[in-house]
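**Q** My questions all concern the structure below.
Where a number appears in this text, it was derived from the coordinates with a stated rule and is not lab data. Worth saying up front: this structure is predicted, and the values here are computed from it rather than measured. Positions of Cβ are backbone-derived with ideal geometry, glycine not excepted, and every protein chain shown enters the neighbour counts.
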Amino acid sequence: MSIDRIVLAFAGIMILASLLLGVYVSPHWFWFTAFVGANLFQSAFTGFCPLALILRKLGVQSGAAF
């Protein structure tokens with residue numbers, strides 16, 4: 001799995017988890033949802049993604065590996 005797909009999957013999991021926590025635990029969790037969304041938005045324009053940097057350092061392949 002490429003870094004791009006891992007980042008998208010991780011962001012999706014974080015958004016869904018924070019939405020569930022916001023509904024069932026505390027509405028303050030919606031701030032985390034907003035943070036993840038803002039990070040996705042800024043990475044679309046800047047290309048900077050902290051998770052992608054971490055995954056590269058861990059040796060995950062960038063792009064499709066055949």
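**Q** Given an 8 Å cut-off on Cα distances and at least 6 residues of separation, report the relative contact order of the chain as a percent. Present the calculation step by step, with values, prior to reporting the outcome.
**A** Values: 45 pairs, mean separation 33.7, N = 66.
Relative contact order of the chain: 51 percent.
**Q** When a footprinting reagent is the concern and you count Cβ atoms within 10 Å, what order do L16, L21 take, fewest first? All intermediate terms of the calculation are to be shown ahead of the outcome.
**A** Working: L16 11, L21 16.
Taking fewest neighbouring Cβ atoms as first place, the list is L16, L21.
**Q** Nearest 10 degrees is fine. How inclined is helix 30-46 to the longest principal axis of the chain, computing both from alpha carbons?
**A** Around 30 degrees separate the two axes.
**Q** In nanometres, what is the gap between the two model label sites at S43 and F10, each 7 Å from Cα along Cα-to-Cβ?
**A** With each label placed 7 Å out from Cα toward Cβ, I get 0.7 nm.
**Q** For the chain, rounded, prolate or oblate, judged on the Cα gyration tensor with a ≥ b ≥ c (square roots of eigenvalues), a/c < 1.5 rounded, else prolate if a/b > b/c? Don't skip to the end; give the middle numbers.
**A** Numbers: a/c = 2.93, a/b = 1.98, b/c = 1.48.
Since a/c reaches 1.5 and a/b is larger than b/c, the shape of the chain is classed as prolate.
**Q** May I pose another question? With a Förster radius of 35 Å, plug the Cβ-Cβ distance of S62 and F35 into 1/(1 + (r/R0)^6) and report the FRET value to the nearest 0.05.
**A** Numbers: r = 25 Å, r/R0 = 0.71.
Efficiency at R0 = 35 Å is approximately 0.90.
**Q** Does anyone have the angle between helix 3-24 and the longest principal axis of the chain? Alpha-carbon axes, 0 to 90°, nearest 10?
**A** With both axes taken from Cα atoms, the answer is about 10 degrees.
**Q** Hey, what number do you get for the chain at 222 nm if only DSSP H runs of n ≥ 4 count, each worth -39500 (n - 2.57), divided across all residues, to the nearest 500?
**A** Numbers: 3 runs with 47 residues, N = 66.
It comes out at -23500 deg cm²/dmol, rounded to the nearest 500.
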